[in-house]
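Worksheet: the structure to be examined is printed underneath.
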Amino acid sequence: MRRLMLLRHAKSNWPTGVADRDRPLAARGREAAPVMGGYLAEELLLPDLVLVSPARRTLETWELVAPMLPDRPALRFEPRIYEAKTERLLNVVQEVEDEVRTLLMIGHNPGFEELAHLLTGHGDRYAAARMSRKYPTCGLAVVDFATEHWYAVAEREGRLDRFVTPASLGEGPDE
């Protein structure tokens, strides 16, 4: 089995004159990211590898999630995640080494939301309904695949295990 976890970056600011790639987290994002990290740890959703978009807000999200985990997984910055279309994101997933059983990607919408919908063929229908309504900042989709190889991950082959947001954990509104 392979497990893919898609974590959208935490809530960010839109400062005037700052390039999109350099946008920092907002105060609400700095509060939400450790909550999601704590959730990952409590639920034993522990990645073997983390792929992070090179945008500042994704790096800051990871820096707040990571201390909540019992161990630091391998980390790679993956430029193809930034502003990526669904097909490119799927290619990134399919290129992951087979030694990695659980992959956490930290990136952006609309790509993450579209990828989660593309890969999910069955699973928790309530989680799927929540994910269809909104994939907010710090939203986490956990998708499992009955395969031993990442290259075999394909459309509609995944089972949505859960979709969690800071609000679903009692931590403020979804944004």
Among the residues of region 59-79, is there at least one that is open to solvent by less than 60 Å² (accessible area, probe 1.4 Å), at pLDDT below 95 and not in a helix (DSSP H, G or I)? no
Please name all residue pairs, on different chains or six or more residues apart, with Cβ atoms under 7 Å, provided the first residue is in region 83-101 and is open to solvent by less than 30 Å² (accessible area, probe 1.4 Å) and the second residue is part of a helix (DSSP H, G or I) and among the aromatic types (Phe, Trp, Tyr). 93/150; 96/150
Looking at this structure, is residue 125 modelled with pLDDT of 95 or more and open to solvent by 10 Å² or more (accessible area, probe 1.4 Å)? no
Out of region 30-58, which residues are within 22 Å of residue 96 (Cα to Cα) and either outside any helix (DSSP H, G or I) or open to solvent by 10 Å² or more (accessible area, probe 1.4 Å) (or both)? 44, 45, 46, 47, 48, 49, 50, 51, 52, 53, 54, 55
Considering residues that are crowded, with 18+ Cβ neighbours inside 10 Å and either among the aromatic types (Phe, Trp, Tyr) or assigned to a loop (DSSP other than H, G, I, E, B) (or both), the number found within region 128-139 is 5
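The values are calculated or read from the model by the stated rules, or taken from the named source; none is laboratory data. Everything numeric here is computed off the predicted structure, so don't read it as measured data. Every residue, glycine among them, receives a Cβ derived from its backbone with ideal geometry; neighbour counts consider all protein chains shown. Surface areas here come from the heavy atoms of the whole protein model, side chains and all, with no ligands, DNA or RNA. Shrake-Rupley method; radii C 1.70, N 1.55, O 1.52, S 1.80 Å.
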